[in-house]
Amino acid sequence: MAGIVVRPRARIYHGHDWVYNTEVLKTFGDPAPGEVVSLKDGRDRLLGSAIYNPASQIVARRFSRQRQELDLDFFVRRVRLAIQEREALGAFGLAGRVIWSESDGLPGLIVDRYGEHLVLQTLTAGMDLRKPLIVEALKLVLRPASVFERNDAPVRRAEGLPLVTGDLWGQTPPDLPIELDGVSFRVDLRSGHKTGLYLDQVENYRLVAAHAAGKTVLDCFSNQGAFALHCARAGATRIVAVESNADLVQQIRLNAARNQVEVEAVQANAFDYLSSAVDRSETFDLVILDPPSFTKSRGSVDSAWRGYKEIHRRALQLLSPRGLLATFSCSHHVTREMFREMLVDASVDAKRFVRVLNFLSQPLDHPILPHLPETEYLKGFLVQALPGR
Ligand code: SAH
């Protein structure tokens with residue numbers, strides 16, 4: 001088998017599963033992109049089996065600490081294990097993430113389930129090459145009605161892979177009805193954001209909506225209104241949802257009608273909406289900020305910081321006495337500690353200080369591995385404005 005000898009002190013000796021190109025001492029056996037390679041230390045001891053891609057900075061991603069082929073049997077075992085673990089935790093609902101990449105021992109593979117329909121992403125050459133085997137394994141274990149490939153994620157370019165979408169098995173309906181906690185959605189698995197819904201926020205809808213009864217709510221960066229609709233369902237008295245994309249604003253209106261609730265859907269840049277609401281001296285009892293990732297790289301963290309601070313300063317100014325703010329960052333490069341510091345910075349400017357009610361994170365079906373920090377990306381706070389003192 002072809003392989004890589006990994007330099008001393010590389011991250012793989014500290015629990016991580018990736019080998020960067022700068023950590024390669026030598027490559028032997030001339031492996032092809034996507035091939036399984038053995039990882040060895042300088043004394044020829046096996047560190048495990050990995051998928052190889054010289055086109056990426058991350059040249060190898062370990063998926064087993066033993067010698068292991070990527071065959072049908074392996075995929076069936078890993079998919080079964082992922083499902084069993086979720087079931088044991090009560091985290092295998094009607095819609096959710098079945099496979100979360102490295103966290104499920106399948107680097108670069110993401111599988112989301114919407115009832116009997118599956119959406120698949122293969123973000124590494126190793127997984128991309130083996131799509132037919134993966135679909136076979138999913139069919140054996142889950143017996144889905146359809147498997148749709150959503151390989152339009154730009155990160156595929158880093159692996160030298162083209163952006164493609166399409167049915168891999170069966171036929172994916174254009175407009176799939178799905179119900180989450182009594183809220184009905186219609187999702188487009190073929191072109192909606194993410195794989196159709198923000199499955200990583202499902203637990204947070206519940207958590208935030210638990211505080212919404214009798215409250216006025218402002219849901220910024222609303223997408224198709226999931227936070228707004230859950231709050232409406234929970235008995236909020238007035239709900240404003242702000243979203244910049246016109247089609248999505250339309251979707252929020254349709255969703256509100258479908259669920260027989262009132263949501264004021266506003267098409268606006270949330271930055272502008274927040275600042276004009278402050279100018280109008282409006283207040284809200286509950287504000288939700290769930291912006292897109294303002295930074296895709298470590299390099300742009302500074303400008304992201306300014307963006308985050310701006311919307312937080314405004315949001316804090318809008319809070320009624322003891323009002324609540326639920327805020328999220330989905331960028332891996334913004335750590336929870338940075339996010340906390342930004343919130344403090346915004347508090348100082350807004351002269352509104354807060355207490356933390358909950359630390360918010362990814363749900364159980366998007367597991368985080370502390371030894372692989374890249375598996376964590378979603379972090380948030382639910383905070384309450386402190387009375388002035
Ligand atoms: N809270 C949503 C997900 C939000 S994703 C949910 O749980 O389903 C971020 C959304 O912000 C996207 O729908 C995007 O279209 C929108 N968006 C991006 N920039 C914006 C801006 N400046 N103002 C308002 N909305 C924006």
Review point. How far is it, in nm, from the label point at ASP188 to the one at ASP41 when both lie 7 Å from their Cα along the line to the Cβ?
Key: 5.3
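Computed FRET efficiency, Cβ-Cβ of ALA210 and ALA153, R0 25 Å: what is it to the nearest 0.05? Present the calculation step by step, with values, prior to reporting the outcome.
On the way: r = 32 Å, r/R0 = 1.29.
Efficiency, from the Cβ-Cβ distance: 0.20.
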Check your understanding: What's the local net charge at LEU46, with K and R +1, D and E -1, over the other residues with C-beta under 10 Å away?
Key -> +2
Practice item. Kindly provide the pair-distance distribution of region 3-64 built from C-alpha pairs, with 10 Å bins from 0 and whole-percent values in order of increasing distance. Key: 26, 65, 9
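Once R0 is set to 51 Å, what does the formula 1/(1 + (r/R0)^6) return for the Cβ-Cβ distance between ARG258 and HIS14, expressed as a FRET efficiency to the nearest 0.05? List each step's numbers first, then the result.
Numbers: r = 50 Å, r/R0 = 0.98.
Using R0 = 51 Å, I get an efficiency of 0.55.
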Check your understanding: Could you give P(r) for region 72-174, binned at 10 Å from zero, as whole percent values over all Cα-Cα pairs?
Key -> 16, 52, 29, 3
Review point. For region 42-60 and region 192-207, what is the separation of their Cα centres, given in Å?
Key: 34
Point to revise | Student exercise, region 72-174 dipole from Lys, Arg, Asp, Glu Cβ charges, in Debye to nearest 20 | key: 80
Practice item. Report the local net charge at TRP18: Lys and Arg +1, Asp and Glu -1, summed over other residues whose C-beta lies under 10 Å from its C-beta. Key: -1
Review point. What base-10 log of the normalised intensity I(q)/I(0) is obtained for the chain from the Debye formula, alpha carbons as equal point scatterers, at q = 0.06, 0.09, 0.10, 0.15 Å⁻¹?
Key: -0.26, -0.58, -0.71, -1.32
Point to revise | Cross-link partners of LYS131 among lysines (Cα-Cα below 24 Å; sequence separation of 8 or more within a chain) | key: LYS139, LYS194
**Study point:** Check: the chain dipole with +1 on Lys, Arg Cβ and -1 on Asp, Glu Cβ, in debye
**Key:** 900
Point to revise | Whole-percent pair-distance distribution, where bins are 10 Å wide, for the alpha carbons of region 198-385 | key: 10, 38, 39, 12, 1
Check your understanding: Where the centroid of each part is defined by its Cα atoms, how far is region 300-329 from region 118-163 in Å?
Key -> 36
Practice item. Work out how much length VAL344 to SER275 would gain on full extension: take 0.36 nm times their residue separation and subtract the Cα-Cα distance, in nm to one decimal. Key: 22.9 nm
Exercise for review: Would you mind telling me the share, in percent, of accessible area of region 41-121 contributed by carbon and sulfur at probe 1.4 angstrom?
Suggested key: 44
Practice item. Treating cross-link reach as a plain straight distance, find the lysines whose alpha-carbon is under 28 Å from the alpha-carbon of LYS215, omitting any fewer than eight places away in the same chain. Key: LYS309, LYS351, LYS379
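Enter the accessible area per residue of region 79-226 (Å², integer; probe 1.4 Å; all protein chains in place).
Numbers: 5620 Å² over 148 residues.
Per-residue value: 38 Å².
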**Study point:** Table column - 3J(HN,Hα) (Hz), region 139-145, Karplus curve with 6.51, -1.76, 1.60, x for Gly and Pro
**Key:** 5, 5, 8, 10, 6, x, 6
**Study point:** Estimated [θ] at 222 nm from DSSP helical runs (n ≥ 4, -39500 (n - 2.57)) normalised by residues in the chain, nearest 500
**Key:** -8500 deg cm²/dmol
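The values are calculated or read from the model by the stated rules, or taken from the named source; none is laboratory data. All of these numbers come straight from a predicted model, not from anything done at the bench. We place every Cβ from the backbone using ideal geometry, glycine too, and count neighbours over all the protein chains shown. What goes into the accessible areas is simple: the full protein's heavy atoms, side chains included, and nothing from ligands, DNA or RNA. Shrake-Rupley method; radii C 1.70, N 1.55, O 1.52, S 1.80 Å.
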